[in-house]
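The values are calculated or read from the model by the stated rules, or taken from the named source; none is laboratory data. If you're wondering where the values come from, they're calculated on a predicted model, not measured in any experiment. No Cβ is skipped: glycine too gets one built from the backbone with ideal geometry, and neighbour counts run over all protein chains shown. Each accessible area value is taken on the protein alone, full model and side chains, heavy atoms only, with ligands, DNA and RNA left out. Shrake-Rupley method; radii C 1.70, N 1.55, O 1.52, S 1.80 Å.
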Amino acid sequence: VGLHNCGFWRPKSLLDAARFTLSFNSWHRKTHQDSRALWKHEAVQKYLETLSKEYQQVIHLLNADSINDFEQRTLRRRCADLSPIAAAFQEIKEAEREVQELEAMCRELDSRDEKQLLELALEEKETLDKKINMLCRKLFQLLVPKEKYDRSHVILEVTAGRTTGGDICQQFTKEMFEMYQNYADYKHWTFDIVNYMPAEIGGLHHAAAHISGDDVYRHLKYEGGTHRVQRIPETGLSSRMQRIHTGTMSVIVLPQPEEVDVKVDPKDLRIDTFRAKGAGGQHVNKTDSAVRIVHLPTGLAVECQQERSQQMNKEIALRTLRAKLYQQIIEKQLSQEQSARKLQLGTRAQSERIRTYNFTQDRVTDHRISYDARNIKEILSGKEALDKLINRLLEFAEIEAVTEYLENLQALEGGGC
């Protein structure tokens, strides 16, 4: 429970418990920092010490007999919030003390007879370092407020860009769609294709899928944006001349909570039916099972042609349309709530180039965090390498949120009320 100097009372949030004036000017935001580096910052240490002390005070108050039922409920909620943070904080401190003891022991182990003991100590130190890195990441995950839509299922759309020799974009779009399909399998999610428009030469113009499972939006929310490919085509004049072509494709990730409360007036819809295209069995091009729905007030259009039943395609298309309309509401909220964010990630940056896949150099570069990863084939396989890249983005965003909060706290302290 906190009493602010502006004269009003309110419960403290996790990121609203300390005031200090240490400058973050030395913190180089442009350079990627991991959780361990942020942990060592003096302002962060002071902040966590404050939370740890508050946790002890809350425990003490809960054991007192002088508090009423309302205060007890409030303190119990606060205790539940602070308990995992205080535990992680103390666990990191203890692990660091063990590392210091090992380092001191290693400095004293010089003789040949103690070589084996030195190797064991170094192995133990490496294990402790990994443990501390993991605990630091866990700690900052606890500090950063959970986003409202992180646990939602998603609609993921891919669209080929336009460039000279558009086949390179279409082929890359197909590879990207398959990458996300494989990633869904890797994460044990369900991947249901709702629209698929293949290109004549074997690539892909556009596709959409509904992905459901645990924390899908949390992992995919930073994939939205323009992805660039640089490669030498496998056929044609450019392949013989070893000329590199550049193309793009775009990814859109729409969170889709189980209950999307968006009212759509049937009078605002234009529903067209047409024959499905591409792979799909004998019914393709024989029945008008595919459905296109246009939302007249906004101009939003969605298609579904994956099911044999026109009615099923219509239901899926309506669900996708509601998700897109819902996304407009979300983007408006994000622009209001996070307008000061310095790292442009996710839905508000979908028109910007976020990542480059350079096949000639076998390198993937994420421009938002200046991070390079090797082995494009491993990343496009949609397994461990892609998961590592996505987790690097998540970690950076978490650190950015904590750093921004501490900067804002400093500004608040300097400006008063």
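Out of segment 296-317, which residues are open to solvent by 40 Å² or more (accessible area, probe 1.4 Å), part of a helix (DSSP H, G or I) and in contact (Cβ under 8 Å) with a residue 40 or more places away in the chain?
Lys314
Taking interchain pairs and intrachain pairs at least six residues apart, which have beta carbon atoms under 6 angstrom, with the first residue in segment 187-208 and farther than 23 Å from Arg292 by Cβ and assigned to a loop (DSSP other than H, G, I, E, B) and the second open to solvent by 40 Å² or more (accessible area, probe 1.4 Å) and at pLDDT below 90?
Cβ pairs passing all conditions: Ile201/Asp167.
Checking Ala121 against (1) out of contact with any Pro (no Cβ under 9 Å at 6 or more places or on another chain); (2) modelled with pLDDT of 85 or more, only one condition comes out false. Which one?
For Ala121, the failing item is (2).
Listed here are the residues, each with its yes/no results for (1) open to solvent by less than 20 Å² (accessible area, probe 1.4 Å); (2) modelled with pLDDT under 95.
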site	(1), (2)
Lys342	no, yes
Ala349	yes, yes
Glu352	no, yes
Glu384	no, no
Val402	yes, yes
Glu407	no, yes
Ala411	no, yes
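Go through (1) surrounded by fewer than 12 Cβ atoms within 10 Å (Cβ to Cβ); (2) at pLDDT below 70 for Arg374 and report which single condition fails.
Failed condition: (2).
All but one of (1) modelled with pLDDT under 85; (2) surrounded by 19 or more Cβ atoms within 10 Å (Cβ to Cβ); (3) over 30 Å from Ser370 (Cβ atoms) hold for Leu321; which doesn't?
Every condition holds for Leu321 apart from (1).
Scanning for something closer than 21 Å to Leu394 by Cβ and either part of a helix (DSSP H, G or I) or out of contact with any Gly (no Cβ under 9 Å at 6 or more places or on another chain) (or both), does segment 99-115 turn up at least one residue?
Checked against the condition, which is being closer than 21 Å to Leu394 by Cβ and either part of a helix (DSSP H, G or I) or out of contact with any Gly (no Cβ under 9 Å at 6 or more places or on another chain) (or both), segment 99-115 yields no hits at all.
Given the residues Leu22, Leu48, which is the only one that is of a type in the set (A, V, I, L, M), within 31 Å of the chain's Cα centre (by Cα) and at pLDDT 80 or above?
Leu48
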